[in-house]
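The values are calculated or read from the model by the stated rules, or taken from the named source; none is laboratory data. A quick note: this is a predicted structure, and the numbers were derived from the prediction, not measured. Cβ placement follows ideal geometry from the backbone for every residue including glycine, while neighbour counts extend to all protein chains displayed. Accessible surface is based on the protein model in full, side chains and every heavy atom, while ligands, DNA and RNA are left aside. Shrake-Rupley method; radii C 1.70, N 1.55, O 1.52, S 1.80 Å.
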Amino acid sequence: PKRRGKQIAVRLASSRARSEGIALAVDGLAKAFGAPLFSGLDFDLARGERLAVVGPNGSGKSTLLKILSGLLPADAGEIAFGVGVKPAYFSQDSASALDTGIRSVDVVCSEQGIVP
């Protein structure tokens, strides 16, 4: 009989450790333009969770997202991102600048050096 060689052992593992915990922590965030838009805003966003920002026009949705992305300063409060989390912002007014056929997520990822 023919002698068998050693079996090939292959270990496939991710080069990145699985991320757990908090992706975003907001504590006491406030912003006003003459009148307060929001104040005392507190929330934690765990990795893998999604956040919907819903409200009427002028209620501060875009302002909140600009503050979270670092484009505007908050009047009060703290923002902390988890390890390895990089904020990215795609303005609602930027859609007209996109090339036809390119998804907005691809544009945001390319600006951040991320391959989707």
Subset of segment 53-102, residues of a type in the set (Asp, Glu), assigned to a loop (DSSP other than H, G, I, E, B) and closer than 17 Å to residue 40 by Cα, comes to 75
| message | Residues that are closer than 19 Å to residue 89 by Cβ, open to solvent by 90 Å² or more (accessible area, probe 1.4 Å) and not in a strand (DSSP E or B): does segment 29-48 have at least one? | response | no
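Can you tell me which residue among 105, 115 is among the β-branched types (Val, Ile, Thr), outside any loop (DSSP other than H, G, I, E, B), surrounded by fewer than 13 Cβ atoms within 10 Å (Cβ to Cβ) and at pLDDT below 85?
On the way: 115 fails: outside any loop (DSSP other than H, G, I, E, B).
Answer to the selection: 105.
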Among residues of segment 53-72 being under 12 Å from the mean Cα position of the chain (by Cα) and aliphatic (A, V, I, L, M), the residue most open to solvent (accessible area, probe 1.4 Å) is 65
Listed by first then second residue, the pairs whose first member lies in segment 46-73 and is of a type outside the set (D, E, K, R), whose partner is open to solvent by less than 60 Å² (accessible area, probe 1.4 Å) and assigned to a helix (DSSP H, G or I), with beta carbons under 6 Å and at least 6 positions apart or on separate chains, are 53/61; 55/61
